[in-house]
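First the structure, in the form of structure tokens, and then the observations on it.
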Amino acid sequence: MSPTSTASVMESIDLARVRAETPGCAKVAHFNNAGAALMPTPVVEAQIAHLRREAEIGGYEARAEAAERLDSVYGSIGRLLNCGAEEIALVENATVAWNLAFQAFDWQPGDKVLTAEAEYASNYIAYLHARQRRGIEVVAVPSDASGQVDLEELERRIDPKVKLIAITHVPTNGGLVNPAAAVGRIARAKGIPFLLDACQSTGQLDIDVEAIGCDLLSATGRKYLRAPRGTGFLYVRRSLLERLDPPFPDLRSARWEAPDRFVWYDGARRFENWEFNYAAVLGLGAAVDYALDLGLPAIEARVTALAAELRERLGAVSGIEVTDLGETRCGLCTFTIAGREASDVAAKLRNQAINLSVSDPNGTLLDATRRGLPDLVRASVHYYNDAEEMDRLIAALAAL
């Protein structure tokens, strides 16, 4: 996209409207959107309305009353990812979604999983756990000079023992966007399933599972989708479904047909369990619809442009070193301030109603160790951040 068209798409978001519909904008300058973004009013109202109905008529009855709206959430997520509604499972969070996918493979001693050097801690811990219990081999493909997963190395390390390629799209410790579509092309050419952790990319990037070529994708609601905490979803490509064995079956995922037999229900919902926070699910649906209404291309353009501006302005502040890598970068900006602990920086700015977060090296241990990274200050922008908030953030950092 050219600079002119990027600016045009970015300006298509009505900033006054989205800020008016985000009550938190009147309280804080929120730069912790990769942690949990501020919910818009329609998302909050969807949850409150359902909770009131639960209080008035009962939980089961309120769920039955909302059945059509609840079912529409699958279709909304399908439109978000360009997949079928039947390929979506709703779960509590991205970690649950990711583990349901990973644990559904029939891991045998000697099987290999290929991952990236900038992989997230929760995922890597699951790899190590499977290595201890199942005897699998974990291969972390090195990063290239830009910091992204080295595609030539990835392809070189593929052999008949590789059972899965699994990478994090946007690592937690910076703005890097791993080349998911290029990984998908390699995976498809080799006939290897591809699991994408899109926890921090869903809602800020325009994700198309067909264009990317992933077979499984895990995501959360609380980050860039601006949905409630305690929501997430898993995408499972229909053609892969019968090769997977969901690890936690219950009466929502399968039917007990006979005393000695059960059958899985059709589609990705076989990965779900019976109990839901239905108010939160409705909030998730409202958040996805809100993002679709704004348009993911416009969201991506604005978030990317704001982050690029923030990196440039941070780099001009004495003592600040921006640590982001990647040929393609997104809405996360990480940096250090000479002589300042990241946690201290975040605490001082929180006292000024400016929200930041801290990226712990243990969250991306391999990448952080290779690069010698300490705790990092992380500022993650969203489309509702405005120029005045950016000015406040830079001035507060410069004054430390």
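The values are calculated or read from the model by the stated rules, or taken from the named source; none is laboratory data. All values reported here derive from a predicted model rather than from experimental measurement. Ideal geometry is used to build each Cβ from the backbone, glycine not excepted, and the neighbour counts take in all protein chains shown.
Return a yes/no flag: does the range 102-110 have any residue that is in the same structural domain as F194 (by TED's automatic domain parsing), at pLDDT 95 or above and within 17 Å of the chain's Cα centre (by Cα). Within the range 102-110 (the criterion being in the same structural domain as F194 (by TED's automatic domain parsing), at pLDDT 95 or above and within 17 Å of the chain's Cα centre (by Cα)), the answer is yes, since at least one residue qualifies.
Of the residues making up the range 158-193, just one is of a type in the set (K, R) and in a strand (DSSP E or B), namely K163. If I go through the range 38-68 residue by residue, how many of them are touching a helix residue (DSSP H, G or I) at 6+ places or on another chain (Cβ under 6 Å) and within 25 Å of D206 (Cβ to Cβ)? Residues in the range 38-68 being touching a helix residue (DSSP H, G or I) at 6+ places or on another chain (Cβ under 6 Å) and within 25 Å of D206 (Cβ to Cβ): 5 in total.
Would you mind stating whether V381 is closer than 30 Å to P23 by Cα, β-branched (V, I, T) and outside the structural domain of L128 (by TED's automatic domain parsing)? It is true that V381 is closer than 30 Å to P23 by Cα, β-branched (V, I, T) and outside the structural domain of L128 (by TED's automatic domain parsing). Just so you know, in the range 99-111 the residues that are outside any helix (DSSP H, G or I) and of a type in the set (G, A, S) include one that is surrounded by the fewest Cβ atoms within 10 Å (Cβ to Cβ), and it is G110. Looking only at residues in the range 213-249 that are acidic (D, E) and surrounded by 12 or more Cβ atoms within 10 Å (Cβ to Cβ), the one that is nearest to the chain's Cα centre (by Cα) is D215. Checking L114, L154, L128 one by one, the residue that is modelled with pLDDT of 95 or more, under 22 Å from G191 (Cα atoms) and assigned to a helix (DSSP H, G or I) is L154 and no other. Condition test on A62, is it in contact with a His (Cβ under 7 Å, 6 or more places away or on another chain), assigned by TED's automatic domain parsing to the domain that holds L284 and over 26 Å from S218 (Cα atoms)? Considered against the rule, which asks whether it is in contact with a His (Cβ under 7 Å, 6 or more places away or on another chain), assigned by TED's automatic domain parsing to the domain that holds L284 and over 26 Å from S218 (Cα atoms), A62 comes out as yes. Please indicate, with yes or no, whether at least one residue in the range 173-181 is surrounded by fewer than 18 Cβ atoms within 10 Å (Cβ to Cβ), under 30 Å from L80 (Cβ atoms) and in the same structural domain as D289 (by TED's automatic domain parsing). Yes - at least one qualifying residue is present in the range 173-181. For the range 216-250, the set of residues classified as under 30 Å from Y383 (Cβ atoms) and assigned to a loop (DSSP other than H, G, I, E, B) consists of G221, R222, K223, Y224, L225, R226, A227, P228, R229, G230, T231, R237, listed by residue number.
Let's see how each residue does on (1) surrounded by fewer than 21 Cβ atoms within 10 Å (Cβ to Cβ); (2) under 30 Å from A307 (Cα atoms); (3) among the acidic types (D, E); (4) under 18 Å from the mean Cα position of the chain (by Cα):
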| site | (1), (2), (3), (4) |
| --- | --- |
| E21 | yes, yes, yes, no |
| C25 | yes, yes, no, no |
| A34 | no, yes, no, yes |
| Q47 | no, no, no, no |
| G58 | yes, no, no, no |
| E61 | yes, no, yes, no |
| I88 | no, no, no, yes |
| A97 | no, yes, no, yes |
| V113 | no, no, no, no |
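Close contacts from the range 375-390, counting a first residue that is more than 16 Å from T172 (Cβ to Cβ) and a second that is among the hydroxyl-bearing types (S, T, Y), with Cβ to Cβ under 8 Å and a gap of 6+ residues or different chains, come to H382/Y224; Y384/T22. Within the range 383-400, if we keep just the residues that are assigned to a loop (DSSP other than H, G, I, E, B) and among the aliphatic types (A, V, I, L, M), the residue that is surrounded by the most Cβ atoms within 10 Å (Cβ to Cβ) turns out to be L400. With respect to N82, is the statement that it is modelled with pLDDT of 95 or more and surrounded by 15 or more Cβ atoms within 10 Å (Cβ to Cβ) true? Against the criterion (modelled with pLDDT of 95 or more and surrounded by 15 or more Cβ atoms within 10 Å (Cβ to Cβ)), N82 does not qualify. Have a look at A286, A308, A338 and point out the one that is out of contact with any strand residue (DSSP E or B) (no Cβ under 6 Å at 6 or more places or on another chain), closer than 30 Å to S12 by Cα and not assigned by TED's automatic domain parsing to the domain that holds D208. Result: A308 is the single residue among A286, A308, A338 that is out of contact with any strand residue (DSSP E or B) (no Cβ under 6 Å at 6 or more places or on another chain), closer than 30 Å to S12 by Cα and not assigned by TED's automatic domain parsing to the domain that holds D208.
One residue stands out in the range 334-382 among those that are part of a strand (DSSP E or B) and of a type in the set (S, T, Y): the one that is nearest to T304 (Cα to Cα), namely S380. The set of residues in the range 251-275 being surrounded by fewer than 14 Cβ atoms within 10 Å (Cβ to Cβ) and assigned to a loop (DSSP other than H, G, I, E, B) consists of L251, P259, D260, D266, W274, E275.
For R378, the test of being touching a Phe, Trp or Tyr at 6+ places or on another chain (Cβ under 9 Å), crowded, with 17+ Cβ neighbours inside 10 Å, among the basic types (K, R) and modelled with pLDDT of 95 or more is passed. Taken as a whole, the structure places E312 among residues that are over 25 Å from L51 (Cβ atoms) and without any contact (Cβ under 8 Å) to a residue 24 or more places away in the chain. Scanning the range 322-370 for residues that are buried (at least 19 other Cβ atoms within 10 Å of the Cβ), touching a residue at least 60 places away in the same chain (Cβ under 8 Å) and of a type in the set (V, I, T) gives T323, T334, I337, I354, T364.
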